[in-house]
Amino acid sequence: MLLNSDPVGPPRRSTYGVDLRGSLVNPMTDVAFIFPGQGAQFVGMGKEFYETSPQARAVFDQADAVMANGLNDVIFNGPSEKLTSTAYCQPAIFTMSLASLKALETHPVYQQMNPRFAAGLSLGEYSALAAAGNLSLTETLRLVQKRSEYMEEATRKNPGKMAAIIGLDKEKIAAICGQTGAEVANFNSPQQIVITGHAAKVETAAQQCKEAGAKNVIMLDVSGAFHSSLMKVAAEKFAGQLISVDIKEAKMAVVSNVNGRPAKDVEAIRQNLAKQITSPVQWVESMQYIASQGVTHFFEIGPGNVLKGLIRRIDPNLKVHTIAKPSDIEGIAF
């Protein structure tokens, strides 16, 4: 964390909670900000933030102007079918997540936090990059828009399916995928792994997982085989889009879905964002890495609380706070 060299203004603090002008202050807590992915959206999300936080409202209004498709109206009023469509879903989740973060940053409790890491599940990685300062809001929205567009094109050319496998170890799932030609899309928790690929191959793998002892197999209601080789064309197009994007050095480390580690430089971030479209999401490794660095407080910022449930299964000793409405911020206690 950078220290303000200007002697005028609010007191400066070290991460150990000492006012650099000599006064003792409350100790700061190392935290990680985590952001949800596609599927977390719901009509009306973020409306309380819009109505109560000028900083959150500014995010919503800027995004609405950039998208120029009535984004705010769809977020707040629906209909649900429109909010879940490609043109709205991903920008909506990103916008609500960043607006929630801005509301948190202006609350006094934020002064007790030392944000060391950010991470996001699939789409949520873009929220993490914007939160860390790697990307501006406008650049992130445009990338999210292009990413969803290219993925939708790839889906039309190479339709596929995804399925969540519950209660079967990853070695067995990987072996079944190797035999059937399905692929692993997400390592969400030790108990939940998502497979992806050609519809017939996913269906065969899902059946074999049931026979191998999976507690449950859920066919997901998605339009394509995301995080699979069927997205290769989308990844190639998106890599070209990323060449001209201005990616800045971050104020906190963003842990990549691709390898569960922070990227060292902006070129690595660029490469990881392209790879992410076809690579499995290493969410378990990402959370374990952050925890290994001494962070025990995680803040799920944006709609829903799916990530909280996943982290509880990864490490029940970690503390996860959800920030989806103003009262969630008021209830934070370390």
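The values are calculated or read from the model by the stated rules, or taken from the named source; none is laboratory data. Predicted model, so just to flag it, every value in this text is computed and none were measured. Note that each Cβ is placed from the backbone with ideal geometry, even for glycine, and that neighbours are counted across all protein chains shown.
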Q: Given the conditions (1) closer than 20 Å to Val281 by Cβ; (2) over 14 Å from the mean Cα position of the chain (by Cα); (3) of a type outside the set (S, T, N, Q), report the number of the one that Ala131 does not fulfil.
A: (2)
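Look at Val266 and say whether it is assigned by TED's automatic domain parsing to the domain that holds Ala130 and either more than 15 Å from the chain's Cα centre (by Cα) or among the polar types (S, T, N, Q) (or both). Step through it out loud before you land on a result.
On the way: assigned by TED's automatic domain parsing to the domain that holds Ala130: yes; either more than 15 Å from the chain's Cα centre (by Cα) or among the polar types (S, T, N, Q) (or both): yes.
So Val266 passes the test.
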Q.
For the stretch 230-249, which positions are among the β-branched types (Val, Ile, Thr) and either under 16 Å from Glu267 (Cα atoms) or part of a loop (DSSP other than H, G, I, E, B) (or both)?
A. Ile243, Val245, Ile247
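Out of Ala200, Ala182, Ala212, Ala175, which single residue is outside the structural domain of Cys89 (by TED's automatic domain parsing), in contact with a strand residue (DSSP E or B) (Cβ under 8 Å, 6 or more places away or on another chain), at negative phi and of a type in the set (A, V, I, L, M, F, W, C)?
Working: Ala200 fails: in contact with a strand residue (DSSP E or B) (Cβ under 8 Å, 6 or more places away or on another chain); Ala212 fails: in contact with a strand residue (DSSP E or B) (Cβ under 8 Å, 6 or more places away or on another chain); Ala175 fails: in contact with a strand residue (DSSP E or B) (Cβ under 8 Å, 6 or more places away or on another chain).
Of Ala200, Ala182, Ala212, Ala175, the one residue that is outside the structural domain of Cys89 (by TED's automatic domain parsing), in contact with a strand residue (DSSP E or B) (Cβ under 8 Å, 6 or more places away or on another chain), at negative phi and of a type in the set (A, V, I, L, M, F, W, C) is Ala182.
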Q) Would the stretch 173-180 turn up any residue that is at pLDDT 95 or above and within 30 Å of Gln293 (Cα to Cα)? A) yes
Q: Kindly indicate the residue of the stretch 145-170 that is surrounded by fewer than 23 Cβ atoms within 10 Å (Cβ to Cβ) and of a type in the set (Val, Ile, Thr) and also modelled with the lowest pLDDT among those meeting that condition.
A: Thr155
Q: Can you give me the number of residues within the stretch 203-219 that are closer than 11 Å to Ala164 by Cβ and surrounded by 17 or more Cβ atoms within 10 Å (Cβ to Cβ)?
A: 4
Q: For the stretch 122-135, indicate whether the set of residues that are modelled with pLDDT under 95 and in a helix (DSSP H, G or I) is non-empty.
A: no
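Kindly provide the set of residues from the stretch 251-276 that are assigned to a loop (DSSP other than H, G, I, E, B) and either aliphatic (A, V, I, L, M) or at pLDDT below 95 (or both), ordered by number. Walk me through how you get there before you give the answer.
So the first thing to find is which residues in the stretch 251-276 are assigned to a loop (DSSP other than H, G, I, E, B), and the list is 251-252, 256-261, 263-265.
Correct list: Lys251, Met252, Val258, Ala263, Lys264, Asp265.
So if I check each of Lys248, Lys232, which one is at pLDDT below 95, surrounded by fewer than 16 Cβ atoms within 10 Å (Cβ to Cβ) and more than 14 Å from the chain's Cα centre (by Cα)?
Lys248
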